Amino acid sequence: MKNNTTFWSYKLNEWTRDITSLANPLILLMVPFIFLGASRPFYILLLALLINEILASIIKITFPKKRPTGQSYKNLIEKIDAGSFPSLHASRITLVYFTILSNTNTIAIKMLCVFVVILVIISRIRLKKHYWIDVLGGFIIGLLIWWISQKI
């Protein structure tokens, strides 16, 4: 802990990093599998996640936007990671948790899904990884891909 930070400020930063990790691709494969199992909605979700990654990467390459704190890059993969718009965390978490939300009848799980999406989106801004427009763009992309995946 740095000398100029309070205990609670330090803890809030730690918790924010923990919350943002809920949109880690490995976690986003395990959580829906727990809820959906090896079902048709799960396999459609996998395809939707692949489309999400490709679409967001194309946008990041075509219209590069620096992150709030900046991030240098030397190759194409690093350029995608350094791009701020759209937020892949926001699009992934939206896509996955809306899929879970649409495949359950339990109100508490539905509310938890929405809460997790909101927390992750806020965490990306608080960590200075994205601007509001970046997470809003990611949310809209995730929501759009989720909506299309529901029509399959």
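The values are calculated or read from the model by the stated rules, or taken from the named source; none is laboratory data. In this text the structure is predicted, and so the values were computed from the model without any measurement. Cβ sites come from the backbone with ideal geometry, for glycine too, and all protein chains shown count toward neighbours.
In a helix (DSSP H, G or I) and surrounded by 15 or more Cβ atoms within 10 Å (Cβ to Cβ): does that describe I44?
Numbers: in a helix (DSSP H, G or I): yes; surrounded by 15 or more Cβ atoms within 10 Å (Cβ to Cβ): yes.
Criteria met by I44.
Has segment 78-85 got any residue that is at pLDDT 95 or above, surrounded by 13 or more Cβ atoms within 10 Å (Cβ to Cβ) and closer than 19 Å to D134 by Cβ? Spell out how you get there, then give the answer.
Kept after step one, since they are at pLDDT 95 or above, are these residues of segment 78-85: 85.
Subsequent filtering for residues that are surrounded by 13 or more Cβ atoms within 10 Å (Cβ to Cβ) retains 85.
From what is left, the residues that are closer than 19 Å to D134 by Cβ are 85.
Yes, the conditions are met somewhere in segment 78-85.
Can you name every residue in segment 1-38 that is without any contact (Cβ under 8 Å) to a residue 40 or more places away in the chain and either under 21 Å from R92 (Cα atoms) or touching a Pro at 6+ places or on another chain (Cβ under 7 Å) (or both)?
Hits for segment 1-38 are W15, D18, S21, N24, L26, I27, L29, M30, F33, I34, G37, A38.
List pairs: first in segment 111-131 and under 16 Å from D18 (Cα atoms), second exposed (fewer than 15 other Cβ atoms within 10 Å of the Cβ), Cβ under 7 Å, 6+ apart or cross-chain?
Listed by first residue and then by second, the contacts come to I125/W132; L127/R17; K128/P68; K128/T69.
Considering only segment 79-132, state which residues are of a type in the set (G, A, S) and under 19 Å from L55 (Cα atoms).
Within segment 79-132, A82, G83, S84, S87, A90, S91 qualify.
Say whether the condition of being out of contact with any strand residue (DSSP E or B) (no Cβ under 7 Å at 6 or more places or on another chain), surrounded by fewer than 14 Cβ atoms within 10 Å (Cβ to Cβ) and either part of a helix (DSSP H, G or I) or among the acidic types (D, E) (or both) is met by at least one residue in segment 22-39. I'd like the intermediate steps shown before the answer.
Here is the first cut: in segment 22-39, the residues out of contact with any strand residue (DSSP E or B) (no Cβ under 7 Å at 6 or more places or on another chain) are 22-39.
So of that shortlist, the ones also surrounded by fewer than 14 Cβ atoms within 10 Å (Cβ to Cβ) come out as 24-26, 30, 34, 37-39.
When the remaining residues are screened for being either part of a helix (DSSP H, G or I) or among the acidic types (D, E) (or both), the result is 30, 34.
Yes, that holds for at least one residue.
Can you find a residue that is closer than 20 Å to F63 by Cβ and touching a helix residue (DSSP H, G or I) at 6+ places or on another chain (Cβ under 9 Å) anywhere in segment 113-124? Walk me through how you get there before you give the answer.
So in segment 113-124, the residues closer than 20 Å to F63 by Cβ come out as 124.
Okay, now just the ones that are also touching a helix residue (DSSP H, G or I) at 6+ places or on another chain (Cβ under 9 Å), so 124.
Yes.
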